[in-house]
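A.B. asks: I'd like to ask you about the structure that follows.
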Amino acid sequence: MRIAVAGSIATDHLFTFEGRFADSLLVEQLSKISLSFLASDLQVRRGGTGANIAFGMGVLGHRPLLVGAVGKDAGDYLSWLQEHGVDTQAVRLSEDKATARFTCTTDDDQAQLATFYPGAMAEAAEIDIAALGAFDLVVIAPDDPGAMLRHSASCRDRGVAFAADPSQQLAFMDGASIRGLVEGASYLFTNAYEAELVHDKTGWSADDVLDRVGVRVITHGADGIVISRKGEDDITVPVAPARQIAEPTGVGDAFRAGFLTATAWGLSLERAAQVGALLATHVVETVGTQEYAFTKADFLSRFTEAYGEAACADISTHIGTDH
Ligand SMILES: Nc1ncnc2c1ncn2[C@@H]1O[C@H](COP(=O)(O)OP(=O)(O)OP(=O)(O)O)[C@@H](O)[C@H]1O
Ligand SMILES: [Mg+2]
């Protein structure tokens with residue numbers, strides 16, 4: 001099964017400021033504000049939803065085609081993704097824009113000053129996914145909104161199966177755009193909050209959504225996953241217990257990576273959600289969205305612990321072998 005993952009490719013630059021922004025803000029001088037904070041720490045993290053999902057799939061042994069746009073500064077990042085099994089041939093290189101970057105400074109009160117620069121990501125809308133070859137499934141993850149709408153329409157028009165993963169973009173999109181992303185999707189992924197946003201903004205009930213998508217997957221954080229289809233009983237899957245909680249950022253992307261990889265292996269929806277859940281657990285246990293690593297033996301033993309031997313037997317012949 002050939003899967004393309006379209007979505008953002010970005011880096012996060014996270015600064016720590018030892019002090020309080022509030023101590024430097026003079027309310028009567030706000031019209032002339034010009035402040036610089038001396039940071040004591042900088043963490044640079046690889047991210048972007050498309051890259052995170054493709055990374056997870058690559059680590060599990062599938063080889064997804066990543067579709068997105070970066071600047072010429074992304075050479076090392078693309079090499080990292082290639083080393084982890086991602087096909088980056090279809091990533092568009094912008095002539096003049098830098099790779100999307102999220103810059104955030106956090107102070108001692110956890111107050112944050114952040115800037116997101118989309119940069120090259122804006123050029124994702126210029127990518128014609130139809131020109132990239134034939135796919136069994138196209139994943140449409142958060143990206144430039146124009147790109148998301150274009151890829152969805154392109155798949156729908158050509159009868160290509162697609163997975164709608166609008167996630168955080170739902171907060172900024174109107175009902176008509178969301179309907180354009182979701183209508184006709186083979187899979188719709190959201191967390192529980194975003195599921196309500198879909199209902200609210202589109203005016204569709206849960207039944208209306210099931211009339212329009214094949215499989216609806218809703219993640220409920222530590223409370224697990226619910227999968228629904230029209231006319232079928234819901235499937236619920238518990239999370240795989242975490243050994244420690246380091247930082248949850250990126251769990252949603254890892255869940256999708258595992259789910260989609262197991263789907264590519266031809267496994268059931270329940271198995272797919274279980275593989276997604278265990279991959280997400282690895283993200284919970286590490287700081288960063290692409291910092292986890294595991295051996296096949298370790299993954300299989302944790303999978304058995306969480307979901308039993310029969311479940312493990314279903315995945316053991318696939319993991320790490322579908323290159
Ligand atoms: N504390 C946890 N322990 C184990 N697994 C977790 C935990 N939190 C989340 N997960 C796993 O990650 C999946 C996705 O979580 P969640 O519903 O929080 O996604 P999300 O809100 O989209 O997250 P984000 O957008 O921050 O990546 C869950 O279905 C679950 O499998
Ligand atoms: Mg999410």
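The values are calculated or read from the model by the stated rules, or taken from the named source; none is laboratory data. Just so you know, these numbers come straight off a predicted model, no measurement behind them. Note that each Cβ is placed from the backbone with ideal geometry, even for glycine, and that neighbours are counted across all protein chains shown. Side chains included, ligands, DNA and RNA excluded: accessible areas come from the protein's heavy atoms. Shrake-Rupley method; radii C 1.70, N 1.55, O 1.52, S 1.80 Å.
A.B. asks: State the percentage of accessible surface on the chain attributable to carbon and sulfur atoms; use a 1.4 Å probe and exclude ligands, DNA and RNA.
C.D. replies: Numbers: 7240 of 14400 Å².
Looking at the chain in its full context, I get 50 percent from C and S.
A.B. asks: Out of the GluC sites (Glu not before Pro) in region 164-257, which ones are loop residues according to DSSP with at most 10 other C-beta atoms within 10 Å?
C.D. replies: Within region 164-257, no GluC sites (Glu not before Pro) qualify (loop, at most 10 other Cβ atoms within 10 Å).
A.B. asks: Full-extension gain between residue 76 and residue 114, please, as 0.36 nm times their residue separation minus the C-alpha to C-alpha distance.
C.D. replies: Working: separation 38, 0.36 × 38 = 13.68 nm, distance 2.42 nm.
Length gained, residue 76 through residue 114: 11.3 nm.
A.B. asks: Per residue of region 39-56, in order, report the coupling 6.51 cos²θ - 1.76 cosθ + 1.60 (Karplus, θ = phi - 60°) as ³J(HN,Hα) in whole Hz, putting x for Gly and Pro.
C.D. replies: Whole-Hz 3J(HN,Hα) from phi for region 39-56: 8, 9, 8, 9, 10, 9, 10, 6, x, x, 5, x, 5, 4, 5, 4, 4, x.
A.B. asks: Let me ask you something else. Direction-averaged shadow area of the convex hull around the Cα atoms of region 208-273, nm²?
C.D. replies: On the way: hull surface 20.5 nm².
Result: 5.1 nm².
A.B. asks: Turning to a different aspect of this structure: So what's the gap between the Cα centers of region 251-323 and region 70-98, to the nearest angstrom?
C.D. replies: Distance between centres, Cα-based: 25 Å.
A.B. asks: Taking only DSSP H segments of four or more residues, each worth -39500 (n - 2.57), what value at 222 nm results for the chain once the sum is divided by all its residues, to the nearest 500 deg cm²/dmol?
C.D. replies: -10500 deg cm²/dmol
A.B. asks: Report the Cα centroid-to-centroid distance between region 175-239 and region 8-24 in angstrom, as an integer.
C.D. replies: Computed from Cα coordinates, the inter-centre distance equals 34 Å.
A.B. asks: Divide, for region 241-316, the radius of gyration over alpha carbons by 2.2 N^0.38 Å, where N is the residue count.
C.D. replies: 1.02
A.B. asks: Oh, and also: Against the longest principal axis of the chain, how steep is helix 269-284, in degrees 0 to 90 to the nearest 10, with axes from Cα atoms?
C.D. replies: Between helix and principal axis, roughly 30 degrees.
A.B. asks: What share of the DSSP beta bridges in the chain is antiparallel, in percent to the nearest 5? Before the final figure, lay out the partial values.
C.D. replies: Numbers: 21 of 48 bridges.
Percentage antiparallel, nearest 5: 45.
A.B. asks: Across bins of 20 angstrom width beginning at 0, how are the C-alpha pair distances of the chain distributed, in whole percent?
C.D. replies: 32, 57, 11, 0
A.B. asks: Also, quick follow-up: Once both axes come from the Cα atoms, what is the angle between helix 251-264 and the longest principal axis of the chain, in degrees from 0 to 90, rounded to 10?
C.D. replies: Relative to the chain, helix 251-264 is tipped by roughly 30 degrees.
A.B. asks: Of all DSSP beta bridges in region 1-104, what percent run antiparallel (nearest 5)? Walk me through the intermediate numbers first.
C.D. replies: Working: 8 of 19 bridges.
Here the antiparallel bridges make up roughly 40 percent for region 1-104.
A.B. asks: Suppose all protein chains stay in the model; what accessible area per residue would a 1.4 Å probe give for region 1-47, in Å²?
C.D. replies: The answer is 63 Å² per residue.
A.B. asks: Moving to a separate point now. Kindly provide the trypsin sites (Lys or Arg not before Pro) of region 152-249 that DSSP labels as loop, not H, G, I, E or B, and whose Cβ sees at most 15 other Cβ atoms within 10 Å. Numbers along the way, then the final one.
C.D. replies: On the way: sites: 156, 158, 179, 201, 212, 216, 229, 230, 243; in loops: 229, 230, 243.
Qualifying residues, ordered by number: 229, 230, 243.
A.B. asks: Name the lysines eligible as straight-distance cross-link partners of residue 72: C-alpha to C-alpha under 23 Å, and not fewer than 8 places from it in the same chain.
C.D. replies: Straight-line reach from residue 72, under 23 Å: 97.
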